[in-house]
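Q: Quick one: structure below, then a few questions.
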């Protein structure tokens, strides 16, 4: 019997950090008059045709983030509460992937960057392979989101540790860098100054 090859595509949006340098939950910052950050990211992935969206939150911001998600998106978006944010990024990713083990590929997207456009999501999806990490690159500098193929997802879920350096972990797998013409993949919004700078770029 031939094993069924998964075709669904997903994204894990990481929003379980404390946002201590920003002083407020980054996922709830205003992007424009219509969207906050998390709403904009969800909308981008919806428009790109992503099948499943998981938002990893913490106890403090879970209710606020859940309330900000449109009722029409409830069937598409799963809010997963990370009860151990002290384990940091790798655990949040692993936790977010638990319900997505059968997808073909999954983006890992930071909640502080709603500026990545839909066409870059499509560009990365067009290159995915089951055993490869896809990374966008702007003028030689790597950025986010990264796209994990099915076999990489399994490797994350099967990793015996819950706390390790995600970048170092990914470096042990085949990686394909995709050149893009938009520097938004490099944005990292940690302070109010970062936010103001991103709005002017």
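Q: So, of the residues in the range 47-67 that are surrounded by fewer than 17 Cβ atoms within 10 Å (Cβ to Cβ) and in contact with a helix residue (DSSP H, G or I) (Cβ under 7 Å, 6 or more places away or on another chain), which turns out to be modelled with the highest pLDDT?
A: Checking each candidate, the answer is 47.
Q: Take the residues in the range 69-106 that are touching a residue at least 60 places away in the same chain (Cβ under 8 Å) and under 11 Å from residue 53 (Cα atoms), then tell me which one is farthest from the chain's Cα centre (by Cα).
A: Within the range 69-106, the match that is farthest from the chain's Cα centre (by Cα) is 100.
Q: Kindly indicate whether any position in the range 103-124 is modelled with pLDDT under 95 and surrounded by fewer than 16 Cβ atoms within 10 Å (Cβ to Cβ).
A: no
Q: Let me ask something additional. Of all residues being over 13 Å from the mean Cα position of the chain (by Cα) and not in a loop (DSSP other than H, G, I, E, B) in the range 107-123, which is farthest from residue 43 (Cα to Cα)? Just the residue, please.
A: Only one residue tops the list, namely 123.
Q: Would you be able to tell me the number of residues in the range 165-200 that are over 20 Å from residue 125 (Cα atoms) and either modelled with pLDDT under 90 or over 19 Å from the mean Cα position of the chain (by Cα) (or both)?
A: 14
Q: Only one of (1) more than 23 Å from residue 186 (Cα to Cα); (2) without any contact (Cβ under 8 Å) to a residue 24 or more places away in the chain fails for residue 126. Which number is that?
A: Single failed check for residue 126: (1).
Q: Then there is this: If residue 165 satisfies every condition in (1) in contact with a strand residue (DSSP E or B) (Cβ under 9 Å, 6 or more places away or on another chain); (2) in contact (Cβ under 8 Å) with a residue 60 or more places away in the chain but one, which is the exception?
A: So residue 165 meets the others, but not (1).
Q: Considering only the range 127-183, state which residues are touching a helix residue (DSSP H, G or I) at 6+ places or on another chain (Cβ under 8 Å), surrounded by fewer than 12 Cβ atoms within 10 Å (Cβ to Cβ) and in a strand (DSSP E or B).
A: Listed by number, the list holds a single entry, 141.
The values are calculated or read from the model by the stated rules, or taken from the named source; none is laboratory data. The model shown is predicted, which means the values in this text are computed figures rather than measured ones. In this analysis, Cβ positions are derived from the backbone assuming ideal geometry, glycine residues included, and neighbour counts consider all displayed protein chains.
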